[in-house]
1. Look at Arg42 and say whether it is in a strand (DSSP E or B) and in contact with a Gly (Cβ under 7 Å, 6 or more places away or on another chain).
2. Which one of Arg52, Arg35, Arg24, Arg79 is outside the structural domain of Asp123 (by TED's automatic domain parsing), surrounded by 13 or more Cβ atoms within 10 Å (Cβ to Cβ) and closer than 28 Å to Gly272 by Cβ?
3. Residue check, Thr72 against (1) among the polar types (S, T, N, Q); (2) more than 23 Å from Met326 (Cα to Cα); (3) in contact with a strand residue (DSSP E or B) (Cβ under 8 Å, 6 or more places away or on another chain), all met but one. Which one?
4. Can you pull out the helices (runs of 4 or more DSSP H) entirely within region 188-263 that have at least 2 residues that are without any contact (Cβ under 8 Å) to a residue 24 or more places away in the chain, in contact with a strand residue (DSSP E or B) (Cβ under 7 Å, 6 or more places away or on another chain) and among the hydroxyl-bearing types (Ser, Thr, Tyr)?
5. Is it the case that region 303-312 has a residue that's buried (at least 16 other Cβ atoms within 10 Å of the Cβ) and within 19 Å of the chain's Cα centre (by Cα)?
6. Do we have Ile224 as among the β-branched types (Val, Ile, Thr), surrounded by 14 or more Cβ atoms within 10 Å (Cβ to Cβ) and within 19 Å of Ser288 (Cα to Cα) here?
Amino acid sequence: MLRFLSSPIEIKGGERVESIVIGRNELIDDDGTLRARDTGEREELDCDLVLRSVGYTGIPIGGVPFDEKRGTILNEHGRVLEEHGGSHRTGHYTAGWIKRGPSGVIGTNKKDAQETVDHLLEDVAAGAEVLPQHLDPGLARGRAHGRVIVAHLGNGASMCGMKDLKSQASTMGFTAVDGLMMGTRSGAIDPGVLLYLMDNKGMGSAGLTRLLYKESGLLGVSGISQDMRTLLSSDKPEAQEAVDLFCYRIARELGSLAAAAGGLDAVVFTGGIGEHAAEVRRRVCIQSEWLGIRLNPEANARHDLHISAGNSSVDVLVIPTNEEWMMAHHAQTLLSL
């Protein structure tokens, strides 16, 4: 039985769940956007188990206009706005729940993303410069065409070593579970461990898949959370161990990728952790000073574009990832638009 336009209000029971109270909602028009509003009606359903399948709260991103009321990035059909009713911010687009709020299903996401890409391509056709200008011309001609390592750090994490804009080596393998440890994924692991778990713990394919993809990484090591913000703010030694291991693996792969690229001219941090966790960047850079990296602590704390010190022989940058633009760019190239 499905209950649409409903919200959980209260879970009842003593030592175990006995029932759940849900509230009925109605859709109202809020400045052209449908929003759910509590009607005050209540219904109590008997149950033995309650599962939370979706939990989402949009949070602001530094420097990006945000609608606190809706928990979304300020936008008009995917184009980010400078302010309510204001002009579009050139080169900035959004999609998914952070665009429209937590609503819809997978099919909705596809239509939602298509709308954003359509408007992006309209802007390109009109001559707008939608590629974010992160790199100054000198760097674009020099360092970016040199030996660059990009560290995409988030709930999923990977690194790529490039030379003249071409990949030389990556931390990824046959699947996305290889390489760096991640939020819940193990990263590189000795195959002997898997054989041991199969032979001595009776684990099969389904159990190993769950362990490697859902119960490992930061969550598995800490036993606390997969969220780097939670771990960095915790004083528990398990949290510290997880952060230490995460940073160590990045620094170790940085050295390996530098060898594959034949040296190092620039390091780029991106992704949720790479863009916002100054402490992670600090630890990685300190462990990588032997490569010529010197960090500017103040610039790093501010999340500046350039966070390397003046005496650093390697440029260190923080660049927001823009996957939507890249997908649109490749689609445009493929279609010869």
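The values are calculated or read from the model by the stated rules, or taken from the named source; none is laboratory data. Everything quoted here is computed from the prediction, not taken from an experiment. Note that each Cβ is placed from the backbone with ideal geometry, even for glycine, and that neighbours are counted across all protein chains shown.
1. For Arg42, the condition - in a strand (DSSP E or B) and in contact with a Gly (Cβ under 7 Å, 6 or more places away or on another chain) - is met.
2. Answer to the selection: Arg35.
3. Of the numbered conditions (1) among the polar types (S, T, N, Q); (2) more than 23 Å from Met326 (Cα to Cα); (3) in contact with a strand residue (DSSP E or B) (Cβ under 8 Å, 6 or more places away or on another chain), the odd one out for Thr72 is (2).
4. On the way: elements: 191-201, 205-214, 217-222, 228-233, 237-261.
Helices (runs of 4 or more DSSP H) meeting the threshold: none at all.
5. yes
6. Against the criterion (among the β-branched types (Val, Ile, Thr), surrounded by 14 or more Cβ atoms within 10 Å (Cβ to Cβ) and within 19 Å of Ser288 (Cα to Cα)), Ile224 does not qualify.
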